[in-house]
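Worksheet: the structure to be examined is printed underneath.
The values are calculated or read from the model by the stated rules, or taken from the named source; none is laboratory data. Computed from a predicted model, the values in this text were never measured in an experiment. We place every Cβ from the backbone using ideal geometry, glycine too, and count neighbours over all the protein chains shown.
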Amino acid sequence: MTDYITEEEKNALFEQLSALSGAFGVTGNEYGAAAVAERLLAPYTDEVRTDKRGNVVGIVRSGIEDAPVWVFDAHIDQVGVQVTGISDEGFLGFTDIGLDERLLPGQVFSIATRTGERIPAVVTLPRDPFALDVPSLHTLWLDTGMPAELVKERVHIGDFAAFAGALYEIAEGRVCGPALDDRSCFLSIACFARRLKESGARLPADIVFSGTVREEIGGPGAAAVAAGLNPSLFVALDVCHVEPGSKEDGKRLGGGPAIALGGDSDDVVSKAILETARAKDIPHGTYAITYASGTNAGTVRVTGEGIRCAVISVPLLYMHAPNEIMSLQDIAWAGELLLHFATRFKDDEGRRGYRAGDGEGGGK
Amino acid sequence: MTDSGEKLIALLKTLSELSGVSNFEDEVREYIRDFTAGSAAEIRETDLGGLLVLKKGRKSPKQPIVLAAGMDEAGFLVKGIESDGKLRIEAVDEAFPPSVLFGKRLKLARNGLRGVVPAKAIHLTTREERGKYPETDKLLMDISRDSDKDAEKVARVGDPVVLDAEFFELAGGRVAGKAFETRIPCSQLLTLFERELPYDTWFAFTTRTLIGSSGTTSAGRMLKPGAAVSVSVVQALDLPGVSAHERGAALGEGAGIAIRDRYAFSDRAFAREAAAAHARFFSSDVISARLYGFLEGAPQAKLLEVDTPVRHLRTPFETAALSDIESGVDLLETVVACAGEILERAPESGDETLTGTEPADGPGGKAGEGDE
């Protein structure tokens, strides 16, 4: 599996990721992203729907009665801002969801209005733009440039806005754009769904592909999916950092998916994933999580009586910034890893000798 | 929207999206040369890369009339290449405040290759880091190359870098994009160029206006004008909470005549006469100093600065009202007529050599305000 994706596959991935990155889905209003996600899964699943919480859920049935359920999940929400007030002059007060406030001045956003219209707007500069101190959010405004009466007609308190800017290829096989956290991982899941269908493999479990909402505020979307399906396995696909100088060096852009060890990741499952990667010669990295992974797995593992989780990451640079950078090849490799892992994994693996009270992971 | 409005938007979009850091204005110059070639009576290129275009009018003025707009935009130069493949870049003349650059998109003008100013993930930052912008003299551009060797294949020291910014046509007759500071004036001159003019007029498209005003000075020396008009923009700080003292101008209130730029004053009589119709007066101290360029290069000329309000200057989303841009074109047409008439009335050899240093006292003007 050391071959690079073909040019044709790369172009297809770029198109799909462009659609996902450009779809609107700030935490709290993920409907645009859900529509794209549903469309991507539809050809490869027996059934796909958007549930009451707004989560996209696609299923490939095993045909086995009372089959266990394995969920492969990526969140479809993204960081952004929300309109909190409108001044007489038509400027918008706003609050942020998961942003570094240094990014705000001069940043162009795209507001999604009640009618589904997208309106561009820019954040004003601090009063002394040359000061090195980062201005407080409360001194900045979002400006659509439109005359006040038009603003008041079209924009309302509560409207969300996402970073503007279309996805582009920054270097060979590398892409740059907003919301790759975590739409890129959703694309890995869609790649898995496609490869599963193509392979014709029969799996011992019903496979659920989920694109969940509201991960950036704690993961109630994923919790709802888990509570509803009670899976025996939940694998969270979420991006990880590859900033230069960050201490974790078991992962890099273009180095393949990074398998999380520890924390919310069940040791048996993550080892099985790691062995699959080695056996199938899929490039990969590893990284250790001593406590919380900061992914949907953290919420899901304590859903119901507790659900066995694992975390697989796709490396990403400049997380939560308007211009996240990653490798298309890593996205494809992650999909390939999921296919082979799901084909090999036995649901009772590691459960023998399991006694109530044997905690998983750290924390005790 | 009128046909002329649509034409103006298309023109401004094209100009805004061209790359032309000071001293690298070639793309803009060639576009303007093509645009004007058909109906120009004469086109001269200055040694500094500027373009001087003569359009015949109904009459010939006693001395040349020149309208000047800059072609350059605020940007950066590649200063070096790091071993990890990032480009070290330097803003040309403190072009942008650090708060505007963090995490933004940039473009190598030579090959259109795009990159970003690194913005480390918030999860990895310390409280101190989140409270301060990195110093602009440590600016980097990430083009996602993994080594200096890879980066050197696409970037060289000295390459110009511009903001990578899309042009937006907004609702309510507003537009947004980059480089409006000079490209709105260029669009106004080109729109006026297509009209029938009362007098022969030189249209000067000048270089390096944002790093001093050598291009404007050079145009002044070559044309020896009797009337020289600098066309630029005025900062619109019409934001909530900004006092009337500070706001400068407001979108939608029309283009106007600047009483002064940072170093030079509009000619008092010229300003009063040109503004007679309805034009507004500004006291403009925007970053650039183009009128000063004429003070240096054409001290004999009657000087005038015509400005259009622009909000969020030096960002990827500079914002302007189409009605203001159009009113600027109309004002410039009036200015050409006034200039011709003033020159007809003026004695053969100008004795009013102080015109460039005397404050105008138009409506709202601040007579007696000290120079700097």
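For every residue, the table says whether it meets (1) within 21 Å of A:GLU101 (Cα to Cα); (2) touching a Ser or Thr at 6+ places or on another chain (Cβ under 6 Å); (3) aromatic (Phe, Trp, Tyr).
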site	(1), (2), (3)
A:LEU137	yes, no, no
A:THR144	yes, no, no
A:PRO147	no, no, no
A:VAL151	no, yes, no
A:HIS156	no, no, no
A:ASP159	yes, yes, no
A:PHE163	yes, no, yes
A:ALA166	no, no, no
A:ILE170	no, yes, no
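Test A:VAL175 against the criterion of being farther than 18 Å from A:MET326 by Cβ, touching a residue at least 12 places away in the same chain (Cβ under 8 Å) and either more than 14 Å from chain B (Cβ to nearest Cβ) or part of a strand (DSSP E or B) (or both), and give yes or no.
So A:VAL175 fails the test.
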* May I ask you to verify whether A:GLU9 is acidic (Asp, Glu), in contact (Cβ under 8 Å) with a residue 40 or more places away in the chain and more than 30 Å from A:THR139 (Cβ to Cβ)? => yes
* Confirm whether B:GLU169 is more than 17 Å from A:GLU172 (Cα to Cα), of a type outside the set (Phe, Trp, Tyr) and not assigned by TED's automatic domain parsing to the domain that holds B:GLU90. => yes
* To do: Tell me which residues, restricted to region B:298-345, are within 14 Å of chain A (Cβ to nearest Cβ), surrounded by fewer than 24 Cβ atoms within 10 Å (Cβ to Cβ) and among the hydroxyl-bearing types (Ser, Thr, Tyr).
  => B:SER323
* Structure fact -> Only unsatisfied item for B:LEU332, checking (1) at pLDDT 85 or above; (2) part of a strand (DSSP E or B), is (2)
* Structure fact -> Residues of region A:118-141 being more than 25 Å from B:LYS107 (Cα to Cα) and at pLDDT 95 or above, in sequence order, are A:ARG118, A:LEU140, A:TRP141
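If you check A:ASP46, A:ASP3, which single one turns out to be of a type outside the set (Ser, Thr, Tyr) and either modelled with pLDDT under 95 or within 25 Å of A:ALA112 (Cα to Cα) (or both)?
Every option except A:ASP3 fails the conditions.
Rundown of residues vs (1) crowded, with 24+ Cβ neighbours inside 10 Å; (2) in the same structural domain as A:ASP267 (by TED's automatic domain parsing); (3) at pLDDT 95 or above, yes/no style:
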position: A:ALA310; (1), (2), (3): yes, yes, yes
position: A:VAL314; (1), (2), (3): yes, yes, yes
position: A:ASN323; (1), (2), (3): yes, yes, yes
position: A:HIS340; (1), (2), (3): no, yes, yes
position: A:GLY350; (1), (2), (3): no, no, no
position: A:ARG355; (1), (2), (3): no, no, no
position: A:ASP358; (1), (2), (3): no, no, no
* Asked: Among the residues of region B:81-94, how many are touching a helix residue (DSSP H, G or I) at 6+ places or on another chain (Cβ under 9 Å) and either over 20 Å from B:SER22 (Cβ atoms) or part of a loop (DSSP other than H, G, I, E, B) (or both)?
  -> 7
* Asked: Taking region B:76-98 as the search range and keeping residues that are at pLDDT 95 or above and away from chain A (no Cβ under 14 Å), which one is surrounded by the fewest Cβ atoms within 10 Å (Cβ to Cβ)?
  -> B:GLY80
* Asked: Looking at (1) buried (at least 21 other Cβ atoms within 10 Å of the Cβ); (2) at the interface with chain A (Cβ under 8 Å from one of its Cβ atoms); (3) modelled with pLDDT of 95 or more, can you tell me which one B:LEU106 breaks?
  -> (2)
* From the residues in region B:201-212 that are in contact with a Leu (Cβ under 8 Å, 6 or more places away or on another chain) and assigned to a loop (DSSP other than H, G, I, E, B), which one is farthest from the other protein chains (Cβ to nearest Cβ)? -> B:THR207
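Going through A:ILE111, A:ILE119 one at a time, which residue ends up being in contact with a Phe, Trp or Tyr (Cβ under 8 Å, 6 or more places away or on another chain) and surrounded by 20 or more Cβ atoms within 10 Å (Cβ to Cβ)?
One residue alone meets the criteria, A:ILE111.
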* To do: Grab the strands (runs of 3 or more DSSP E) fully contained in region A:68-145, keeping just those with 3 or more residues being more than 10 Å from chain B (Cβ to nearest Cβ).
  => A:69-75, A:80-86, A:92-97, A:108-112
* Asked: Can you name the number of the only condition in (1) within 25 Å of B:ASP324 (Cα to Cα); (2) touching a residue at least 24 places away in the same chain (Cβ under 8 Å) that B:SER214 fails?
  -> (1)
* Could you grab me the full set of residues in region A:32-52 that are outside any helix (DSSP H, G or I) and buried (at least 17 other Cβ atoms within 10 Å of the Cβ)? => A:THR45, A:VAL48, A:THR50
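For the subset of region A:148-172 comprising residues that are in a loop (DSSP other than H, G, I, E, B) and crowded, with 19+ Cβ neighbours inside 10 Å, which member is farthest from the other protein chains (Cβ to nearest Cβ)?
The qualifying residue farthest from the other protein chains (Cβ to nearest Cβ) is A:ASP159.
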* Kindly indicate the residue of region A:178-203 that is touching a residue at least 12 places away in the same chain (Cβ under 8 Å) and of a type in the set (Asp, Glu) and also nearest to the other protein chains (Cβ to nearest Cβ) among those meeting that condition. => A:ASP181
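So, in region B:139-168, how many residues would count as being closer than 17 Å to B:LEU313 by Cα, within 11 Å of another protein chain (Cβ to nearest Cβ) and out of contact with any helix residue (DSSP H, G or I) (no Cβ under 6 Å at 6 or more places or on another chain)?
5
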* Structure fact -> Counting only residues in region A:3-31 that are acidic (Asp, Glu) and part of a helix (DSSP H, G or I), the one surrounded by the most Cβ atoms within 10 Å (Cβ to Cβ) is identified as A:GLU9
* Asked: Just wondering, is there one or more residues in region B:37-58 that are in the same structural domain as B:GLY297 (by TED's automatic domain parsing), crowded, with 19+ Cβ neighbours inside 10 Å and out of contact with any strand residue (DSSP E or B) (no Cβ under 7 Å at 6 or more places or on another chain)?
  -> yes
* Structure fact -> Per the list (1) in contact with a Lys or Arg (Cβ under 8 Å, 6 or more places away or on another chain); (2) without any contact (Cβ under 8 Å) to a residue 40 or more places away in the chain, residue check on A:SER136 breaks on (1)
* Pick out the one residue from B:LEU139, B:LEU101, B:LEU113 that is out of contact with any Gly (no Cβ under 9 Å at 6 or more places or on another chain), modelled with pLDDT under 95 and among the hydrophobic types (A, V, I, L, M, F, W, C). => B:LEU139
